[in-house]
Amino acid sequence: MSFSCDGPLWLLFSAKQDFGRVPDLFEHQKSLILSFQRLLAQRQQHSFGLHGVACVGTEAHLSLCSLEFYRANDTTRCPGGAPAVVSCVPGPLYAASSGQKKQQQAKPQGEARVRLKGGAYPGEGRVEVLKAGTWGTVCDRKWDLQAASVVCRELGFGSAREALSGARMGQGMGAIHLSEVRCSGHEPSLWKCPHKNITAEDCSHVQDAGVRCNLPYTGLETKIRISGGRSRYEGRVEVQIGRPGSLRWGLICGDDWGTLEAMVACRQLGLGYANHGLQETWYWDSGNITEVVMSGVRCIGTELSLDQCAHHGAHIACKRTETRFTAGVICSETASDLLLHSALVQETAYIEDRPLHMLYCAAEENCLARSARSANWPYGHRRLLRFSSQIHNLGRADFRPKAGRHSWVWHECHGHYHSMDIFTHYDILTPNGTKVAEGHKASFCLEDTECQEDVSKRYECANFGEQGITVGCWDLYRHDIDCQWIDITDVKPGNYILQVVINPNFEVAESDFTNNAMKCNCKYDGHRIWVHNCHIGDAFSEEANKRFERYPGQTSNQIV
């Protein structure tokens, strides 16, 4: 691209354009071009600084183009010309957030796709690419701003602001698909750039590449603020409502306010992730703001602002109306990211018929099916699907229980403390999603079982020690531990899905919740069980469900 002072005129949008209204403006752009051109030429006096700007089109920013500056003593600048202006098209993220239909975006040929994971803000994260139906990362060897800009543009953002190396957006897990990516910058997709297909010995996940993209100004951060906290990262949430001329600030009802809502608030504030979403904020001074102006806020967690979340609108319905019961947040620049080692589940799964007289403690902790309550204790047995689970923290912050040690619950029977009500859900589902059996794992001993070579253990449960999982470490629940099972005594033979979900209630913030679920095909013949085709990440997506094998008659499975 090149232009000069008297070059072609493009429709002008301010650099601070509100992208929520862009689609509406585009409908009128043709009729506006000529009238806007006349206004620029007739009514405004411009001071020009550049002419002869010549870009190849692959530059990360305008300053890298060939530029000619006007000299200070120039008396005539751009005679007969007009200022160069541009028209920007919103990417998918901003087009979708406007409430308009998503614009059809050109997709790379075949199955090649790209996504960002682990970023605190839109347009940043670890680069992951899809190959043969499996997501994998990109090695940071020769990773530069040109390649990063190709990723950003492919995703509908601007050029890249930073090309990140050394797993600065957290480590991925599984395959590393690309290495030594060399882009010129004009490629429509990262897959079109020359690259090297690597083996496991060539690169490790400590070298995962990431990006930070240039983003349009939306002004969303001006509609929210926090106050009363001890630092700029915490406080009571206040939002601005009304129309120009009658704008006012108000509070958010704390009912149902949780981690996902707090994640959106912290992102909108530009403060990263949410450590906590608080429903009571009596310990923070509210100042002069006492009116509750928003209630019923329920977020998916990916929204750009609280306005995009479901809420009651102008009608405020709050169970507890006092100021002390309004929403608050504690934000953080980093977050943990838990991931289950799915292959270990598949390798260790087996059936055990365990006598009832050995299950008193498990029954006390509600680790058996309901029918166990009416069993002829201590005679008989329960059939258990057992397996080991190894949970890694691949994020950028330690995973710590939400509750402090003062509120942990001591369980005398097993002799340990519970630091979270539910740490993991285990379910047996029919192929159509009906639950036929379930289990759960309270984090009675959340600790660093093992770590990577360069990481030291920090958490140990013994002697009422601190609980958590350090970045680069993992917690192992062996198959022979009490409650590390699903009671399948009442399940008929058939074909099922084994589903494991970590941190199911979002009690603790993570940089990525989409990789917290694992699904496996599960075939049970009444005597033995086969667990296979386990996969992790986006396990609830339609794309993932297509990967499951189907068997004749499997949808007719029923509970006895």
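The values are calculated or read from the model by the stated rules, or taken from the named source; none is laboratory data. Given the structure is predicted, the values throughout are model-derived calculations rather than measurements. As a convention, Cβ positions derive from the backbone with ideal geometry for all residues, glycine included, and neighbour counts pool all protein chains shown. Just so you know, the surface numbers come from the protein's heavy atoms only, side chains and all, with ligands and any DNA or RNA stripped out. Shrake-Rupley method; radii C 1.70, N 1.55, O 1.52, S 1.80 Å.
So how do 400, 386, 528 rank on accessible area, 1.4 Å probe, biggest first, that is with the largest at the start? Please report the intermediate quantities before stating the final value.
On the way: 400 90, 386 5, 528 140 Å².
Result of the area sort, largest leading: 528, 400, 386.
Using a probe of 1.4 Å on the protein chains alone, the accessible area found for residue 205 is around 30 Å².
Using the Cα centre of the range 398-543 as the reference point, and only Cβ charges (+1 on K/R, -1 on D/E), how large is the resulting charge dipole? Debye, rounded to the nearest 20. Let's see the in-between values first.
Values: 12 positive and 24 negative charges, 74 e Å.
Charge dipole, the range 398-543, about its Cα centre: 360 debye, nearest 20.
Each residue was assigned an accessible area with a 1.4 Å probe, and for residue 86 the value is about 80 Å².
Between amide H atoms placed 1.01 Å from N, distances below 5 Å from residue 169 occur with no residue 5 or more places distant or on a separate chain.
What FRET efficiency comes out for residue 240 versus residue 353 if R0 is 45 angstrom and r is the Cβ-Cβ distance? Round to the nearest 0.05.
Details: r = 62 Å, r/R0 = 1.38.
For R0 = 45 Å, the calculated efficiency reads 0.15.
Of the residues 233, 283, the one with the largest accessible area comes first in the ranking 283, 233, computed with a 1.4 Å probe on protein heavy atoms. For residue 319, a cut-off of 20 angstrom between C-alpha atoms picks up these aspartates and glutamates, skipping any fewer than 8 places away in its own chain: 238, 255, 256, 261, 280, 291. The amide H of residue 234, built 1.01 Å from its N in the peptide plane, has 331 as neighbours under 5 Å, considering only residues 5 or more places off or on other chains. For the range 182-268, trypsin sites (Lys or Arg not before Pro) meeting the loop criterion (DSSP other than H, G, I, E, B) and having at most 11 other Cβ atoms within 10 Å: 230, 232. Of 381, 527, the residue with the largest accessible area leads and the full order is 527, 381 (1.4 Å probe). With R₀ set to 56 Å, the beta-carbon distance separating residue 412 from residue 70 gives a calculated FRET efficiency near 0.10.
Annotation: extensible slack from residue 202 through residue 373 equals 56.1 nm (criterion: 0.36 nm per residue apart, minus Cα-Cα distance). Here the 3J(HN,Hα) profile of the range 158-174, calculated from phi with Karplus coefficients 6.51, -1.76 and 1.60 at θ = phi - 60°, is x, 6, 7, 8, 9, 9, 9, 10, x, 6, 5, 10, x, 8, x, 9, x Hz, Gly and Pro shown as x.
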